[in-house]
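Below you'll find the structure, written out as structure tokens, and then a few comments.
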Amino acid sequence: MGTSLPNKESNLFKVIVKSYETKQYKKGLKAADAILKKFPDHGETLAMKGLTLNCMDRKSEAYELVKRGLKNDLKSHVCWHVYGLLYRSDREYREAIKCYRNALKIDPDNIEILKGPAQMRDLTGFVETRQQLLTLKPNHRTNWIGFAVANHLNSNCSKSIEILEAYEGTLEDDYPPDNERYEHGEMLLYKISLLEECGLLDRALEEMHKKEAKIVDKLAFKEQMASISVKLGHLEEGEKMYRSLLVMNSDNYKYFVGLQKCVGLYSENGNIHQMKLLSLEALYKSLRSQYTWSSAAKRIPLDFLPGEKFREAADNYVRPLLTKNMFSYFTTWPSFFFFVCFHSGVPSLFSDLSPCMTTLARSGNFSILTATNILEQLFLHLESSLRSTGSFPGRTEKEPPSTLMWTLFYLAQHYDSRGQHDIALAKIDEAIEHTPTVIDLYSTKGRILERAGDFVAAAAFADEARTMDLADRYLNSECVRHMLQADQVALAEKTAVLFTKDGEQHNNLLTICNACGMFCYLWNACSCRLSFEKHYLDMTEDQFDFHSYCLRGKWLSRAYVSMLKFQDKLHSHAYFQKAAAGAIRCYMKLHDSPLKSATEEEENEMSKLDPSQKGNLDRSRKGRSSCQKEAEEKNGDVSSTMSKSGKRQNARPVDLDPHGEKLLQVSWGSTFGATKYLKLLQSNSSESLETHILSFELNMRKQKTLLAFPVFWSLLIYIIFQAVKQMLKLDENNPDCHRCLIKFFHKISNFSTPVTDSEKLVWNVLDAERQNIKNSLAEANEYFIEQNRDSLAHRAAAAEMLYVLEPGKKAEAIEIIEDSTNDLAQSNGALGSVRKWKLDDCIAVHKLLETVFIDLDAASRWKCCEDAEKVRSQQPKCLCVLIKESTDPSLALPINTTLALHLPKACNSDAKVSDCPSILKLSPDSPDAKIFREAGGDASTTTNTNTNTSTPSSSSAATNNSSGSKMIPANIAARLLSFVGSVCSSVHVKLLV
């Protein structure tokens, strides 16, 4: 026990405790100083003073005082408890638990200490402490339910049920009183859910019938009753319950699924027999007539109706969503009110209809392509009717003008999803011209341009959308993301801080990180990843606040258990996977290209300067040093602002490393730093292919470090092999999987003969698996090419592996890539065609040629044609305008018209010069149209003489035509496209169709 104090000082100590609880920290500090004047070594007073200083943000002093107090009084439960509270405030929960346990050894019946470990997710300790609390306070309902929840979380449902039944045995028949009815009803529903979880369905149903009058939450009661009835096979009772639930909420999809199960018309995989399909169609027809305001009753049939019935149902579903004159489609005020409240905008229509493609394909009614084409034809038919008559097909009532705009908006998103960006841009431009005040149109155009590869233009339109509503944080974040993608980092930072608090422009890094993805500079990227880690850590900590809320008596047991289950899966969220993968790649990038220390960089810089320049550099360094000291002093001044209670107010420390440059100097180059992220991915996202690819890449870097430790090195090789096996299991035909497989076995084939037993064991396993690969690695690579000859990404992977296996065949490997053909993809679209190559694949190939093969000539050829196709698809007016204006001597544009005319043929593009008059809307008899007619004839003469147009590499060959003209060389094309791209970007808004 703690050292006792005289009465006066003992009363002062009580003042310290009360001041801490009421947050009057200055008063508590004054009382502590009064005691320490007479008893300077009193442990408990030192500890409480430290705890008070911790609340005033003076942590270093706080830890020093608490440690001194504990040293002076090791047998005081107060000192250990305070030490635990200190650790808990810094989220050091493991250390806090140790301190709490030491305090409980001294005072095992202290309720305040017992409440501490309950919040640390130590389930065994949670059960023990809740049992001890129940023993000490058996007349508190909270302790009974807390003990039951502890056993439930510890996977002992039967024990939880026994505890709750024992608690019910202590209650009187007329319990509960009116002011506790809801809490008691929650306890009963929790007990029923435990019975259901244990498989005691009959008992659960019996309990529900018996306790129905005492349960206040009737909605939850009916949902649980319906669920248990279906599981027991009481389908008639379940159907009755689900129909009553539909009356309460006819747009809850779960109720419709439950009703389908009750009437025997539900299939997990979506495959429904033809006879049942007719019954299901009749069911939803009756539901639509019964719940005329229900959107779900109209939407769900789109997931199973075949052919023409699907088209008809989709037509009926989308028409109300495309018009603002909705009164004619809703027969009652409630239906209209629901639409306004829960369908707040047509922009969600495309997202609403997209999933039904996959669902229909899974049901076997028709393919995704067929369903997509049906919707495409439907919307084009609606567009045509709205243009010609101003009304929907088969109707005489005129629709509001905005209906055509929303139809064009949907079609733009539709063609964008199909990769037909030129048509998508045409539709969205027409929508903007129709109604230039709708923000969603500009945001969508930015996304279309982003997918098409024009990041600068995408950023411009995202900024246009942002300026139309400066109070919208989402638009601000989207704009920042586009700017970072376009490498406009400074502008992105200025835009991002518009939504940060004053004085926190550089400290609120997460605002930028939410938008930046991998587009930040490397040091910013590292800081962003750590900010995301803190973000998820904060979400994890929030559970403790909810835990305390529940323990205060507001027992929402079902919601509490559900929240804990959500926390267990928190790191499996797609956003965390993306952030963790980015952090691992940052680590690997720094491992491959370690940064020089500041001293080394300064020495290199100084060695290149003459004496006078060295003097100027020294003076600039002194200036930077004084600025840094000033920032540190400012940091101290800001943090010294005190409130009346003694706590610092709104402390905003200045970030001395806003760009993360110092962060990179602290062992970021070590691959072991990425292991914690990889472990989280492996435990929470083991079904993701990217997880195993990252495991392979990271551990391949580690194995070089562990060569000096044979046992660990052999184990690591086995871990890498397991990653390869998991990749092949998930998708053996993936290009990255092929890369990893070839790299791995090529690497181990160069290792020396195994010596130790562990090495021999691993090698025996690898040899057995090596037999599954067809013949040699080179033959396996050739087989991979043959199986995926039409895929650019697969050909690039095979070419890279050929270069790895046989470096002497570099030219042959590059030829594999350049022999790729950008054929038309299978499509029955009503407008335009879609090619197989994706922009991301083209960029990856260009990077591969530039960094792995180190062939700048091949890389420039590929980038030239990549840019040519991008200019053609996104800015169809651009080349036409430049060719036309190049004939005007007053403008003096440095464009070689002859070379520009041959650019489409050189890059295997389907652009036609003869289309320019219609694109520019020129009169057929005008002099300008004559320029393109003559130019088109010359171009066709030249292009007809050239038959080798399948690859970008063919553009390097100069071919003579009948008039002596030459095909455009690749290096000239690259320079031309660089100029064309810059000119078109500068007048982008004016030139787009």
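What do you reckon, how do 81, 381 stack up by accessible area (1.4 Å probe), largest on top? Don't skip to the answer; put the middle values down first.
Details: 81 40, 381 90 Å².
Largest accessible area first, the list is 381, 81.
For the stretch 1-134, carbon and sulfur atoms together expose 50% of the accessible surface, with a 1.4 angstrom probe and every protein chain in place.
From the square roots a ≥ b ≥ c of the eigenvalues of the alpha-carbon gyration tensor of the stretch 416-487, which class results: rounded (a/c under 1.5), prolate (a/b over b/c), or oblate? Oblate.
The calculated FRET efficiency for residue 815 paired with residue 285, based on their beta-carbon distance and R0 = 60 Å, is about 0.50. Solvent-accessible surface (1.4 Å probe) assigned to residue 80 amounts to roughly 40 Å². A simple rule links phi to the HN-Hα coupling: the Karplus curve 6.51 cos²θ - 1.76 cosθ + 1.60 with θ = phi - 60°, which for the stretch 782-791 gives 5, 5, 5, 5, 4, 6, 10, 5, 8, 9 Hz, with x for Gly and Pro.
Relative to the compact globular guide of 2.2 N^0.38 Å, what is the alpha carbon radius of gyration of the stretch 217-275, as a ratio? Could the numbers behind the result be given before it?
Working: Rg = 11.6 Å, N = 59, 2.2 N^0.38 = 10.4 Å.
After normalising by residue count via 2.2 N^0.38 Å, the value is 1.12.
Protein heavy-atom surface of the stretch 181-327, 1.4 angstrom probe: 54% of the accessible area is carbon and sulfur, with nucleic acids and ligands not counted. A 1.4 Å probe over all protein chains sorts 469, 202, 454 by accessible area into 202, 469, 454, starting with the largest.
Cβ under 12 Å from residue 227's Cβ, residue 227 left aside: what net charge do those residues give with Lys, Arg +1 and Asp, Glu -1?
So the surrounding residues net to 0.
Computed extension gain for residue 751 through residue 33, at 0.36 nm per residue and net of the alpha carbon distance, reaches 251.5 nm.
Could you report the stretch 151-226's accessible area per residue, 1.4 Å probe, as an integer in Å²? Can you show the working numbers first?
Working: 3730 Å² over 76 residues.
Result: 49 Å² per residue.
So, in Å, what gap is there between the alpha-carbon centers of the stretch 193-241 and the stretch 147-173? First find each Cα centre; the distance between them is then 19 Å. Neighbours of residue 393 by Cβ distance under 10 Å: Lys/Arg scored +1, Asp/Glu scored -1, total +1. Which links in 23/59; 159/231; 137/569; 445/494; 75/159; 18/67 stretch past 25 Å when you go from one Cα to the other? In this structure, 137/569; 75/159 exceed 25 Å between Cα atoms. Residue by residue, the stretch 726-740 carries 3J(HN,Hα) couplings of 5, 4, 5, 5, 6, 6, 6, 9, 6, x, 5, 4, 5, 4, 4 Hz when phi is fed to the Karplus relation 6.51 cos²θ - 1.76 cosθ + 1.60 (θ = phi - 60°); x denotes Gly or Pro.
Using heavy-atom solvent-accessible surface (probe 1.4 Å) with all chains present, what is the largest-first order of 129, 170?
Working: 129 10, 170 85 Å².
Of 129, 170, the descending order of accessible area is 170, 129.
How would you classify the stretch 1-111 from its alpha-carbon gyration tensor, with a ≥ b ≥ c the square roots of the eigenvalues: rounded for a/c under 1.5, else prolate if a/b is greater than b/c, otherwise oblate?
Values: a/c = 1.65, a/b = 1.22, b/c = 1.35.
Oblate, since a/c reaches 1.5 and b/c is not below a/b.
Taking every Cα-Cα distance in the stretch 143-258 and sorting them into 10 Å bins from zero, the calculated P(r) comes out as 13, 41, 33, 13, 0 percent.
Full extension of the chain between residue 490 and residue 178 gives 106.2 nm of extra length, using 0.36 nm per residue less the Cα-Cα distance.
The values are calculated or read from the model by the stated rules, or taken from the named source; none is laboratory data. Bear in mind the structure is a predicted one, so any value in this text is a computation, not a measurement. Quick reminder, even Gly has a Cβ in these numbers, built from the backbone with ideal geometry, and neighbours come from all protein chains shown. Side chains included, ligands, DNA and RNA excluded: accessible areas come from the protein's heavy atoms. Shrake-Rupley method; radii C 1.70, N 1.55, O 1.52, S 1.80 Å.
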